[in-house]
Structures are given as structure tokens and as C-alpha cells.
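Q: Handing you this structure, nothing more for now.
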Amino acid sequence: MTRRSAYGPLPPGPRAPAAINSIQLIRRPLESLLGWRERYGDVYTVALLVFGVGVYVCDPKAIREMMTGDQSDLHAGEANEPLSPVLGQKSVLILDGREHLRQRKLLLPPFQGSAVHNFRRVIRDVAEAEVSRWREGETFVMRDRMRALTFEVIARAVFGVTERERIERMRSALAALISMQTILLMPSRLRRDLGRWSPWGRFQRRLKAADALIYEEIERRRSRSDLEDRTDVLSMLLMARDEEGEQMNDVELSDELMTMLLDGHETTATGLAFSFDLLPRNPRALDRLRDELESDDDAYLDAVVNESLRLRPVIDAAERTLTKPRTIGGWDLPAGIRVYPAIAAVHLREDLYPQPHEFRPERFIDEDAQSYSWLPFGGGIRRCVGAALAQAEMAEVIRTVVSRVELAPTRAEPEPVVIRGVTLVPRHGTPVEVKRVSLAR
Ligand code: HEM
């Protein structure tokens, strides 16, 4: 069907210039996405700075159609291309088509089933060590603490590194890179290494230092004789073979490790920071969680994680570029257009989640999370590789914190949600005060 709007044959949407739409989206992402849906319907077009004109899809049925069956005409890698100087050309995030599927198939097994079960012990140890350092009366920004914690989990579970000194070296190399990440917005003609004082030159040196550490870990692990018995992701990837019996080469391995380091720790830390803003502000849910944890039943804990990721998803929208024309939600869309399955807008639909702005974990006790109406990890052939690890991590950290300490937010109002980089974050990072420690156990 072809209809017309202010965007020509594309669905209708806000007519404001890209700069205005972008500022609005960055400052008030949830309100913007919902406001546009209310005004223009389930499929709308928005012009944004950097990303250009794109179509948001807020209808779970249309999203299911996109994310099931043949998705070879939906590319996600090219939208991530600006990240390639850091992640590398072989990162699963950058690749599309057959190459993407090959890397993905090799990456998935270490993140499934029993593998993730083994990680729970590691996560609990790291969380216990972190919480045991907290003192009554202390205040801190939860997102910072959670970032340190989730980094350590990735270092241990994914890289299999346990020596403190090595973890610290990796942490500081990565922090140096992340502190310069806005440089990736620099136009490619300005990306020139003019020595150690030029921004691109400095960035290149930091990148080299981080890469060198990753290659060192690959080398060290390859030389171990107990590879087959090890449960960390790197060891499992070194043993993995594709359908042709080929291994990942060192460049592929290094690019995937860098992707997991960067993609896997900040996102989970932010998810946790949101959870620790929501829980103390919803004392009934917090009390019930404490009771249920005493009875060793994890159903409510898992529901808390699901509800937290519903109400405060870390990624507001998945992203696909059409390589061929496709009909989505009743609109004939042209090749080349970006389409965003609008995770946050779907999660706040009243018809799917009555009283959608309330934190009510019970909704996920009565009913399981449904793939296309609950999609904090995206979906289809690009669904987050680390979803099970991230959920286990959130559950174990929440378990440890809630049963060991009582926290109170230091700000009167719930954290406003804003966009930083490409993620939704609590604007102040969730500052909290430790009211009491060692509640139980
Ligand atoms: C709460 C934490 C996390 C959230 C909310 C999250 C969310 C997402 C989302 C929305 C996508 C894109 C999916 C799509 O386009 O359909 C994604 C992709 C990905 N995530 Fe996560 N993620 C989290 C944690 C992790 C962790 C812990 C790892 C690994 C250690 C990880 C590794 C990846 C990878 C490799 C991809 C690319 C998959 C592909 O392109 O095939 N993520 N994630």
C-alpha cells in the first residue's frame, strides 16, 4: 500500500528539523517516542542528525514479521560501521550476511544453557566482594560501581582472567579508549594520525595498547593444555569450529572479544543502575523480593529483572537498513531506509502492559515475557548474543545487594531517562546512600 505524508511516500512523523528532533530525543527519549506514536501512529518517520531519516515501528506484529523468516534484506552491520575503528572489521556487530551468521554461530554456544549457569558462581563472587566494601552512611553513584563490577565479570567469565593486576591493566586500557569514544563521530577525512598530540594519533595509540593486551590473552590461553576443561568464553571460542571445520582466526577472535568487552559491560551496568533506582522507590516490590529470596524461589527475582528491562530498556530501538524494498506495518518502504523496531515504545504500550509506567514485576509471574512485545535484547538473527549472561548477571547482583544492604536514593525524584551515546541511561547514574549493611546471611 502506498500512502503519502510530509515525508513523501514514507509514513508521517514530526516535521521539525533533524536538530530539533535529535535534541528532543536525547533529552526526553521515552516521552518523545511515545508522543510521536500518539500523534502519528504505530509506524512513523523521524529525521535525526547523524542517522538521517528513519522509520520507527512500535507494533509488535510488524516487528515479529521483520524478525522472523528471511532477514537477509535487513542489514544491521552497516549502521554500526562508525564503530569499526574500535571493534574491528570482523566484529559480529559490524558484519552482515553470511559472514555475520558464521561469526554468530561460533559465538552463541558459550553464552547458552549450562555455560551461563557456570557464570553465576563467578558473578556472585564478584558481587559479594563489591558489596562487602560498602559502608553504612556511604554515598556513591550506582552506575559507576556497577560498571566496575560488570567489567570484572566480563574479564573473568569471557576472558577467563583472574589475576588482579591483569584485570586492572585491561580496565585502564579500555577506560582510556572509552573516554575518547566521541572521536568516532569525527568525519573520516579528519581521521589522521599527526603524531602523539593529535586526537586521532592519541586514539590510535590507545587502541593499539588495548589490542596488544587482547592478543596477549589469546596467546596465553592458546598455550594452555587444559583448554577443553575451561569454561570461559575465550577458551570455548578457541575450541570452536564452523561448519567447514575452520577455527576463528586471531583477528576475528580479537574483534569479537573487543565487541564483548565494550558491548557487554556498560549495558548491563546501566540496566542495574535503573533497577536500583526503581526498587527502593517501590517498597512493596522490594519487600516481596526479599521475602521470596528467603524462600529460595527465583521466580520473583527473574520477574524483577524482566520488569526493570521493560520499564527502563537500555537500548531504545534496534536498527536495520533495508537492502530491498519491504512492506512493514502496511507501509511500502524503499531500499536504503533505516527502520527502528522501537523497543521502548513497545514496552510502554497500554494494551500490552496495563498501567505501563508502573513498576509491577507480578506481570511477569502471571505471564512469560513475549518475544516481540518484550524485546530489550532486540530479536531475530541479531538478537543480543549476551542476553542470558546479562539477565543472569542482573539477577545475581540484585540478589546479593538486596539481601545484604538497604539502599536509599539520594535524589527525591526518580531518575530522568536520557540518551548518552547510543544508550538510555539514568541522568545522574542513580546516586544512593547505604542505609544498612548485612541485612541477612
Ligand atoms: C542488559 C544488558 C544488555 C542489553 C540491554 C543488550 C542489548 C542488545 C541489543 C538491543 C542488541 C541489538 C539487537 C538487535 O539488533 O536486534 C545487542 C546486540 C549484541 N549484544 Fe547485547 N545487550 C546487553 C548485554 C550484552 C552482553 C553481556 C554481551 C556479551 C558479553 C552482549 C553482546 C552483544 C553482541 C555480540 C551483539 C550483536 C549481535 C549480532 O549482531 O548478531 N550484550 N545487545
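Q: Would you kindly calculate the translational diffusion coefficient of segment 302-379, applying Stokes-Einstein with the Kirkwood radius from alpha carbon pairs, for 37 °C and a viscosity of 0.692 mPa s, and quote it in µm² s⁻¹ without decimals?
A: 241 µm²/s
Q: Rank these residues by their accessible area, most exposed first, probe 1.4 Å: Glu406, Glu217, Glu319.
A: The ranking, largest first, comes out as Glu406, Glu319, Glu217.
Q: How big is segment 1-45 on each of its three principal axes, counting only the C-alpha atoms and giving the largest first in Å?
A: 34, 19, 11
Q: When the convex hull of the C-alpha atoms of the chain is computed, what volume per residue in Å³ does it have?
A: So the per-residue hull volume is 159 Å³.
Q: Something else now. Could you tell me which of rounded, prolate or oblate describes segment 112-244, using a ≥ b ≥ c as the square roots of the eigenvalues of the alpha-carbon gyration tensor, with rounded for a/c under 1.5 and, failing that, prolate when a/b is larger than b/c and oblate otherwise?
A: It comes out oblate by the Cα gyration axes.
Q: Keeping all protein chains in place and using 1.4 angstrom, which order do Glu243, Glu252, Glu81, Glu266 fall into by accessible surface area, from largest down?
A: Glu243, Glu81, Glu266, Glu252
Q: Let me check I have the definition right: for segment 138-195, take the eigenvalues of the Cα gyration tensor, multiply each by 5, take square roots. What are those semi-axes in whole Å, largest first?
A: Those come to 28, 17, 10 Å.
Q: Please report the orientation-averaged projected area of segment 1-155, defined via the convex hull of its C-alpha atoms, in nm².
A: 13.9 nm²
Q: Sequence gap at least 6, Cα distance under 8 Å: using those rules, report the relative contact order of the chain to the nearest whole percent.
A: Reported as a whole number, the value is 25 percent.
Q: Write down Rg/Rh for segment 178-315, rounded to two decimals, with Rg from the C-alpha atoms and Rh from the Kirkwood relation over Cα pairs.
A: Rounded to two decimals, Rg over Rh is 1.12.
The values are calculated or read from the model by the stated rules, or taken from the named source; none is laboratory data. Quick caveat: nothing in here was measured; it's all calculated off a predicted structure. These accessible areas exclude ligands, DNA and RNA; they are computed on the full protein's heavy atoms, side chains included. Shrake-Rupley method; radii C 1.70, N 1.55, O 1.52, S 1.80 Å.
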